Amino acid sequence: MTSHIGKPTSRVEGHAKVTGAAKYAAEFNAPGLLHGSVVCATIAKGKIVGFDTSEARRVSGVIDVLTHENRPPMAGSDRAYRDDVAPAGSPFRPLYDRIIRFSQQPIALVVAEEPEIARFAASLVRVDYDEDAHVTDLMRGSKIVALRDQAVSRGNVEQAYAESEARHEAEYVIPMEHHNPMELFASTAIWQHGKLSVHDKTQGVQNVQRYLCNVFDLKPDDVRVVSPFTGGAFGSGLRPQYNAALAVLAALALKRSVRVVLTRQQMYALCYRPATIERLALGANASGTLRAVTHEAIAMTSQFENYARNDTGWSGLLYKSPNAKYSHKLAKLDLCSPSDMRAPGAATGVHALECAMDELAVALKVDPLELRYRTYSDRDQNDNLPFTSKQLRECYRQGAEAFGWDKRNPQPRSMRDGRELIGWGMASGVWEALQTKTAARIVLTANGHAEVSCATSDIGTGTYTIMTQVAADALGLPLDSVSVRLGDSTLPQSPVEGGSWMATSVAHAIVATADEIRKELARLAKKAPASPLRNAKLEDIALADSRVVSKRDARHAVSIADAMRHAAVDRIEKGKSVNFKDDGSHARNAHSAIFAEVKVDEELGVIRVIRVVNAVAAGRILNPKTAASQIVGGVVWGIGMALHEETLIDHAFGRIMNANIAEYHVPVNADVHDIKVIFVDEPDDIINRLGTKGVGEIGIVGTPAAIANAIYHATGKRVRDLPITLDKLL
Ligand code: MOS
């Protein structure tokens with residue numbers, strides 16, 4: 001029975017957010033709260049010889065200056081610093097020793113009574129360094145390591161490529177990019193009689209809690225991590241950030257409550273999408289069937305961790321090709337480790353693949369959409385598996401129809417509107433449909449109210465809302481009889497919210513828990529005086545319209561309130577964890593087709609993205625309103641990736657130059673025009689009980705390629721390095 005799932009539903013926390021009632025990590029207060037300001041290294045590599053903190057300490061209101069020399073104990077082993085989603089390697093340890101590993105590395109924390117005092121005093125800390133030569137340029141002088149587990153091939157690519165009638169080979173470059181969530185990295189560590197409550201900006205409260213316990217040798221009962229609201233994160237909040245460690249460090253040292261908020265500049269040093277060089281080679285028959293796909297990626301990482309995501313595997317997956325070969329290499333640089341950023345790997349790798357497919361279509365003189373049909377694959381060829389569902393064909397069909405693709409003149413520079421050239425481009429998108437072990441608790445009270453809880457976060461994706469919808473349906477209650485608690489490490493177990501797995505995972509945890517409530521209510525209802533359900537079997541009893549009701553005859557029902565009242569039960573509490581079995585028999589993916597129109601000023605090179613249609617196949621959509629918002633957000637970011645975003649490093653200093661929202665360009669409202677989202681019907685009774693896949697990341701995948709391909713169609717000029725700025729067109 002679904003009266004809420006599948007309905008466009010406004011965010012249940014929307015009112016709290018727009019009225020300011022929703023509190024974020026740096027808005028929690030405590031008596032005597034102190035403020036920490038971080039001092040960052042000004043060199044990219046070397047050692048700290050010494051500090052002079054005397055001037056900083058003389059500032060009235062300064063309480064302490066913590067460095068690796070005077071801090072309380074922290075764990076010594078690498079292991080203690082490894083969080084749930086840490087890549088291979090040795091994680092960064094803040095304020096741990098004298099070694100400088102990247103520019104803007106935190107090296108001291110000035111703690112004061114007021115944030116302004118702390119910040120001013122931080123500017124007075126003098127540091128002597130012993131500087132070493134650094135390398136921060138992906139293109140020059142970095143050490144390259146190949147990842148053996150990402151070197152995959154099938155068939156004989158070299159021979160197939162040599163025998164192909166049409167070939168395309170090119171290199172595509174995606175620059176370093178940054179997340180730029182509105183909420184700054186912040187932690188307020190509240191000290192209460194030796195215990196800590198840490199209000200942290202994070203995508204995973206339990207991940208941060210485990211990290212803090214390991215690093216500071218604390219018991220889980222002594223540290224509670226709370227994050228009821230997250231002001232955007234996009235992957236930047238997956239790993240514990242050093243502000244959490246420093247706030248706790250200072251709180252332990254001073255036995256006081258301490259808040260540490262990073263500046264926007266400081267955030268830039270910490271996590272980013274790695275710049276990636278993508279080398280594609282496609283070979284095809286004249287008829288437009290693929291014979292060979294080769295994809296090699298070289299992405300930046302730090303010296304201390306091998307951060308790597310799947311950039312190239314999509315090329316073996318998405319289109320039918322008997323021969324495929326792909327590999328991933330890392331360039332070790334003197335920077336902090338990269339991090340996941342919306343559709344990590346796919347946003348970059350699929351961009352390159354989709355641009356290459358467009359170039360192959362031009363070489364073959366085949367419509368780019370037609371080429372996708374000719375190379376369509378009903379199986380995952382990497383693992384030779386069928387998909388649980390794949391309605392990508394329907395995405396192509398509905399997307400093309402909504403866009404009007406059949407009116408496209410294939411000739412570049414053939415369509416115009418006055419002084420502007422018009423271009424139409426398309427691309428495919430693909431992402432994983434992941435699901436991960438998650439638990440939920442439901443407390444139903446005799447007044448007919450249910451509280452549903454899980455430690456997951458809601459990073460703005462709509463988790464509060466879909467949890468409410470799923471629980472209301474599963475319990476047969478109206479939406480406003482359900483409240484949700486999340487973002488608290490004391491709540492039932494949740495993984496970090498990421499990878500587009502959270503909606504599916506928590507929804508199934510709620511359904512399983514609600515079923516325990518149903519059974520309990522059914523038992524009570526059967527025992528009610530003159531119960532019409534007394535002869536009903538447990539499996540024939542459902543919850544609907546605030547009643548315990550027979551599935552065979554809806555007239556046989558007892559209200560939930562009566563069932564509880566007659567049994568003198570005023571509270572039913574159930575908790576359950578779900579795990580998702582993967583028998584290895586199917587591939588699980590979400591897909592999309594993106595169509596974009598651009599207008600390019602012929603003389604000035606100014607590019608405008610006039611409209612985008614993004615047709616998505618992601619199983620059953622729990623909430624078309626919040627889901628569409630996710631896709632729109634992904635498309636806006638795709639516009640940014642295609643036209644605006646680029647983090648620039650001054651390699652002489654090994655430091656990011658445009659570490660602020662003035663000089664790191666993102667799309668603004670004037671850059672965003674018509675965006676249409678289509679969810680195609682994709683029934684899937686194999687993937688899970690509800691038939692759901694995630695939608696948090698798929699919206700960005702392929703969008704920059706559709707725009708890049710449209711720019712080629714408008715201008716006849718192929719720009720293979722992002723962002724496509726007007727200087728590159730001129
Ligand atoms: Mo997402 S990049 O897994 O938050």
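The values are calculated or read from the model by the stated rules, or taken from the named source; none is laboratory data. Everything quoted here is computed from the prediction, not taken from an experiment. Heads up, the Cβs are rebuilt from the backbone with ideal geometry, glycines too, and the neighbour counts pull from every protein chain shown. Accessible surface is based on the protein model in full, side chains and every heavy atom, while ligands, DNA and RNA are left aside. Shrake-Rupley method; radii C 1.70, N 1.55, O 1.52, S 1.80 Å.
Restricted to segment 246-274, and to residues that are in a loop (DSSP other than H, G, I, E, B) and of a type in the set (Lys, Arg), which residue is least open to solvent (accessible area, probe 1.4 Å)?
256
Given the condition buried (at least 24 other Cβ atoms within 10 Å of the Cβ) and over 23 Å from residue 345 (Cα atoms), answer yes or no: does some residue in segment 571-581 qualify?
Going residue by residue through segment 571-581, those that are buried (at least 24 other Cβ atoms within 10 Å of the Cβ) are none.
Checked segment 571-581: no residue is buried (at least 24 other Cβ atoms within 10 Å of the Cβ) and over 23 Å from residue 345 (Cα atoms).
Taking residue 503 as meeting all but one of (1) part of a loop (DSSP other than H, G, I, E, B); (2) within 16 Å of the ligand (Cβ to nearest atom), write down the number of the exception.
(1)
Out of curiosity, is residue 497 in a loop (DSSP other than H, G, I, E, B), of a type in the set (Asp, Glu) and modelled with pLDDT of 95 or more?
It is true that residue 497 is in a loop (DSSP other than H, G, I, E, B), of a type in the set (Asp, Glu) and modelled with pLDDT of 95 or more.
Write out, first by first residue and then by second, each pair whose Cβ atoms fall under 9 Å of each other, whose residues are 6+ apart or on separate chains, and whose first residue, in segment 485-502, is open to solvent by 20 Å² or more (accessible area, probe 1.4 Å) while the second is within 15 Å of the ligand (Cβ to nearest atom) and among the acidic types (Asp, Glu).
The qualifying pairs are 495/84; 501/432.
For segment 17-73, which positions are of a type in the set (Gly, Ala, Ser) and buried (at least 20 other Cβ atoms within 10 Å of the Cβ)?
Within segment 17-73, 25, 26, 36, 37, 41, 44, 56 meet the criteria.
Just to verify a result, which residue in segment 464-473, among those that are under 16 Å from residue 620 (Cα atoms) and open to solvent by 10 Å² or more (accessible area, probe 1.4 Å), is nearest to the chain's Cα centre (by Cα)?
466
State whether the residues of segment 623-636 include one that is open to solvent by less than 40 Å² (accessible area, probe 1.4 Å), in contact (Cβ under 8 Å) with a residue 24 or more places away in the chain, in contact with a Gly (Cβ under 6 Å, 6 or more places away or on another chain) and small (Gly, Ala, Ser).
yes
If I ask for residues that are among the hydrophobic types (A, V, I, L, M, F, W, C), touching a His at 6+ places or on another chain (Cβ under 8 Å) and open to solvent by 30 Å² or more (accessible area, probe 1.4 Å), which ones from segment 589-622 would you list?
610
Would you mention how many residues in segment 177-212 are open to solvent by less than 10 Å² (accessible area, probe 1.4 Å), within 16 Å of the ligand (Cβ to nearest atom) and not small (Gly, Ala, Ser)?
Here the count works out to 11.
Restricting the search to segment 259-292, which residues are under 20 Å from residue 118 (Cα atoms) and touching a His at 6+ places or on another chain (Cβ under 7 Å)?
259
State all residues of segment 213-245 that are at positive phi and within 16 Å of the ligand (Cβ to nearest atom); if no residue qualifies, say none.
Residues satisfying the conditions are 232, 234, 235.
So which pairs qualify, if the first residue must be in segment 234-262 and under 11 Å from residue 186 (Cβ atoms), the second must be aliphatic (A, V, I, L, M) and within 16 Å of the ligand (Cβ to nearest atom), the Cβ gap must be under 6 Å, and the two must be at least 6 apart or on different chains?
244/208
If you take the residues of segment 323-337 that are within 15 Å of residue 313 (Cβ to Cβ) and of a type in the set (D, E, K, R), which of them is farthest from the ligand (Cβ to nearest atom)?
Within segment 323-337, the match that is farthest from the ligand (Cβ to nearest atom) is 325.
Which members of segment 308-366 meet the condition of being out of contact with any Lys or Arg (no Cβ under 8 Å at 6 or more places or on another chain), assigned to a loop (DSSP other than H, G, I, E, B), hydrophobic (A, V, I, L, M, F, W, C) and surrounded by fewer than 24 Cβ atoms within 10 Å (Cβ to Cβ)?
If the condition is that a residue be out of contact with any Lys or Arg (no Cβ under 8 Å at 6 or more places or on another chain), assigned to a loop (DSSP other than H, G, I, E, B), hydrophobic (A, V, I, L, M, F, W, C) and surrounded by fewer than 24 Cβ atoms within 10 Å (Cβ to Cβ), then 308 is the only one that fits.
Go through segment 1-14 and give me each residue that's within 19 Å of residue 459 (Cβ to Cβ) and not small (Gly, Ala, Ser). Give the derivation first.
First, the residues of segment 1-14 that are within 19 Å of residue 459 (Cβ to Cβ): 9-14.
Residues satisfying the conditions are 9, 11, 12, 13.
For segment 223-245, check the following and say yes or no: at least one residue is touching a Leu at 6+ places or on another chain (Cβ under 8 Å), surrounded by fewer than 24 Cβ atoms within 10 Å (Cβ to Cβ), under 22 Å from residue 95 (Cα atoms) and at pLDDT 95 or above.
The answer is yes; a qualifying residue exists.
Of the conditions (1) within 16 Å of the ligand (Cβ to nearest atom); (2) touching a helix residue (DSSP H, G or I) at 6+ places or on another chain (Cβ under 6 Å), residue 471 clears all except one; give me its number.
For residue 471, the failing item is (1).
Which of the following residues is under 21 Å from residue 86 (Cα atoms) and modelled with pLDDT under 95: 200, 217, 149?
After applying the criteria, what remains is 149.
When you scan segment 509-525, do you find a residue that is more than 16 Å from the ligand (Cβ to nearest atom), in contact with a Cys (Cβ under 9 Å, 6 or more places away or on another chain), within 20 Å of residue 620 (Cβ to Cβ) and in a helix (DSSP H, G or I), even just one?
Yes, there is a match, as at least one residue in segment 509-525 is more than 16 Å from the ligand (Cβ to nearest atom), in contact with a Cys (Cβ under 9 Å, 6 or more places away or on another chain), within 20 Å of residue 620 (Cβ to Cβ) and in a helix (DSSP H, G or I).
Within segment 12-59, work out how many residues are part of a strand (DSSP E or B) and under 34 Å from the mean Cα position of the chain (by Cα).
The number of residues fulfilling the criteria is 8.
Counting only residues that are within 16 Å of the ligand (Cβ to nearest atom) and of a type in the set (S, T, N, Q), which one in segment 338-381 is nearest to residue 302 (Cα to Cα)?
339
Restricting to segment 535-567, give me the number of residues that are out of contact with any Pro (no Cβ under 8 Å at 6 or more places or on another chain) and open to solvent by less than 90 Å² (accessible area, probe 1.4 Å).
19
Suppose we filter 413, 419, 408, 441 for residues that are in contact (Cβ under 8 Å) with a residue 40 or more places away in the chain and surrounded by fewer than 16 Cβ atoms within 10 Å (Cβ to Cβ); which single one remains? Write out each step before concluding.
Working: 413 fails: surrounded by fewer than 16 Cβ atoms within 10 Å (Cβ to Cβ); 408 fails: surrounded by fewer than 16 Cβ atoms within 10 Å (Cβ to Cβ); 441 fails: surrounded by fewer than 16 Cβ atoms within 10 Å (Cβ to Cβ).
When all the criteria are applied, what remains is 419.
Hey, among 691, 696, 716, which residue is out of contact with any His (no Cβ under 7 Å at 6 or more places or on another chain), in contact (Cβ under 8 Å) with a residue 60 or more places away in the chain and within 16 Å of the ligand (Cβ to nearest atom)?
So the residue among 691, 696, 716 that is out of contact with any His (no Cβ under 7 Å at 6 or more places or on another chain), in contact (Cβ under 8 Å) with a residue 60 or more places away in the chain and within 16 Å of the ligand (Cβ to nearest atom) is 696.
Counting only residues that are within 21 Å of residue 4 (Cβ to Cβ), of a type in the set (Gly, Ala, Ser) and in contact (Cβ under 8 Å) with a residue 60 or more places away in the chain, which one in segment 451-463 is most open to solvent (accessible area, probe 1.4 Å)?
Residue satisfying both the conditions and the ranking: 460.
Can you tell me which residues in segment 692-719 are surrounded by fewer than 20 Cβ atoms within 10 Å (Cβ to Cβ) and touching a Pro at 6+ places or on another chain (Cβ under 6 Å)?
Matches in segment 692-719: 716 only.
Are there any pairs, at least 6 apart or on different chains, whose C-beta atoms fall under 8 Å, with the first in segment 638-661 and closer than 12 Å to residue 137 by Cβ and the second assigned to a strand (DSSP E or B), and if so, which?
Pairs found: 648/656; 649/655; 649/656; 650/656.
Does segment 380-400 include one or more residues that are of a type in the set (D, E, K, R), more than 27 Å from the chain's Cα centre (by Cα), modelled with pLDDT of 95 or more and not in a loop (DSSP other than H, G, I, E, B)?
First, the residues of segment 380-400 that are of a type in the set (D, E, K, R): 380, 383, 390, 393-394, 397.
With the extra rule that they be more than 27 Å from the chain's Cα centre (by Cα), the set shrinks to 397.
Filter once more, keeping what is modelled with pLDDT of 95 or more: 397.
After this cut, where a residue has to be not in a loop (DSSP other than H, G, I, E, B) as well, the list is 397.
For segment 380-400, residues of a type in the set (D, E, K, R), more than 27 Å from the chain's Cα centre (by Cα), modelled with pLDDT of 95 or more and not in a loop (DSSP other than H, G, I, E, B): present.
Mind checking whether some residue in segment 275-284 is surrounded by fewer than 24 Cβ atoms within 10 Å (Cβ to Cβ) and within 16 Å of the ligand (Cβ to nearest atom)?
So far as segment 275-284 goes, no, none of its residues is surrounded by fewer than 24 Cβ atoms within 10 Å (Cβ to Cβ) and within 16 Å of the ligand (Cβ to nearest atom).
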